[in-house]
Amino acid sequence: VEVWKILHNEWIKAFMVLLGAVPIGIYMSVCVCWTSWHQDRAAEWPVYEHLRHWHWPSIMVKAIWVGLLYIVFFVVFGKLILVALSMTSELLANLPVFTVSAIAFLIGFATFMFPSSPAAPIYALMGVVIIQSADH
């Protein structure tokens, strides 16, 4: 019962449209062609009948918002993480090796818990910062 309530939410439908836009489009076009050729057998496509009753304008607007949130989350936050990592490099350069290693572990762990974090800059930062602190 709860699953059906969730699946009937337009935000979930918008997310499903974004995930499966190409397969849904192909399925809908095949259904439209099939039902136009075989009027008497239109009930053989239950998914098409279900999708046909969705409120598509509202779902597409919500799909655009979900797509924009995705872009903000992965692009903008990814760039902000790069800036924060470069600032960290300057802050940790003069500390002892053990302290830098512990802080590097915590920063790496926290950053990798964030899904949109870029991995290569984190590895490069940790390598550069730990080596710089060992040289001092």
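Here are the numbers for the structure shown:
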{"quantity": "Reach of Lys79 by Cα under 26 Å, taken over lysines that are not fewer than 8 positions away in the same chain", "calculated": "Lys62"}
{"quantity": "Share of carbon and sulfur in the accessible heavy-atom surface of the range 73-136 [1.4 Å probe, %]", "calculated": "77 percent"}
{"quantity": "Accessible area (Å², per residue) of the range 69-136, counting only protein heavy atoms and a probe of 1.4 Å", "calculated": "66 Å²"}
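The values are calculated or read from the model by the stated rules, or taken from the named source; none is laboratory data. Here the structure is a predicted model, which means the values were calculated and not measured. With ligands, DNA and RNA removed, areas are computed over all heavy atoms of the protein, side chains included. Shrake-Rupley method; radii C 1.70, N 1.55, O 1.52, S 1.80 Å.
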